[in-house]
1. Choose one of V234, V265, A196: the residue whose Cα lies farthest towards the positive end of the charge dipole of the stretch 165-311 (beta-carbon charges +1 Lys, Arg; -1 Asp, Glu; about the Cα centre).
2. Per-residue accessible area for R156 at 1.4 Å probe radius, Å² rounded to 10?
3. Suppose every Lys and Arg Cβ carries +1 and every Asp and Glu Cβ carries -1, with no other charges. What dipole size does the chain come out with about its Cα centre, to the nearest 20 debye?
4. I'd like the distance between the alpha-carbon centres of the stretch 65-122 and the stretch 159-176, rounded to an integer number of Å.
5. Looking only at the chain, where both bridge partners belong to it, what percent of the DSSP beta bridges are antiparallel (to the nearest 5)?
6. 7 Å from Cα along Cα→Cβ at both I24 and A318: what's the point-to-point distance in nm?
7. In whole percent, how big is the carbon plus sulfur part of the accessible area of the stretch 51-144, probe 1.4 Å, protein atoms only?
8. Please give the length that would be gained between R131 and K72 if that part of the chain were fully extended, namely 0.36 nm times their separation in residues minus their C-alpha to C-alpha distance (nm, one decimal).
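The values are calculated or read from the model by the stated rules, or taken from the named source; none is laboratory data. All figures in this text were calculated on a predicted structure; none of them were measured in a lab. Virtual Cβ from ideal backbone geometry, glycine too; neighbours counted across all protein chains shown. Side chains included, ligands, DNA and RNA excluded: accessible areas come from the protein's heavy atoms. Shrake-Rupley method; radii C 1.70, N 1.55, O 1.52, S 1.80 Å.
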Amino acid sequence: MLFWVLALLFLCAFLWSYKGQLKIADITDKYIFITGCDTGFGNLAARTFDKKGFQVIAACLTESGAASLKAKTSERLHTVLLDVTDPENVKKTAQWVKSHVGEKGLWGLINNAGVLGVLAPTDWLTVNDYREPIEVNLFGLIDVTLNMLPLVKKARGRVINVSSIGGRLAFGGGGYTPSKYAVEGFNDSLRRDMKAFGVHVSCIEPGLFKTELADPIKTTEKKLAIWKHLSPDVKQQYGEGYIEKSLHKLKRNTSSVNLDLSLVVECMDHALTSVFPKTRYTAGKDAKTFWIPLSHMPAILQDFLLLKQKVELANPKAV
């Protein structure tokens, strides 16, 4: 009896693995639109999919980013300037994409554009500190999706939303984590709504990667700028050496930062080209072995492990 159970499990595992390896037949006539292509994941994705033969439309925020990308890619790739927080810019870009792709529609929409914003204790912040990451990471993503969705439906294509492990666990104060939690919710509702149209919606949850987004120096500079405007009471509670100690801890943890950006692009590739794309993708060793497993654990365990990574306050009773 045990033999047959093991044989059945082996067969199921084999079929599951085989199903994941099935690819769509032709990609050379398929258009994909990627946001946030100046640097990081988006830039590598645009170059990778251009080499594979996709008709890539890469959205960049800056002219220099677009020019640099264009210099490294084929004539097939087109760049557009896009600020995802500008509704008029998004609308005009969608109209241009519609005229460019014609009746083929848009096979892939990769919502990759994002910012970190300020990462600091919640009681340091104002509501304005939350606005930028929520405007870019959430409302920008939604606006681009809603404008491009008719083209994706026409092609019965794919929508790929780049979220984060920050959409599963709150690792710091600021607007980044709330924006990514909301992206996860939008992604799930969109996936169910698009099912009837044959549109697959996938979510990618990268761990900590070495990109401009996660530059520890820039993160610390933003913290320092806020520190200067804090009340004497709050400064006394946290202590004058709080930021320096935070930076020291951050640098100590850089050994767990992923350096290979292609891990995220491989997830995008599978979501674009697999006959059976996954609902969720996890990218990075830290995400797979720590963050995502921890997100399924009881809150008391999450708090214990995450609070161990924080700097001890100098005088929290000074209120």
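1. Working it through, the farthest residue towards the positive pole turns out to be V234.
2. About 140 Å², rounded to the nearest 10.
3. Around 760 debye, computed over the chain.
4. Using only Cα atoms, the two centres lie 21 Å from each other.
5. If we restrict to bridges inside the chain, about 5 percent are antiparallel.
6. 5.9
7. 53
8. In short, 17.8 nm is gained.
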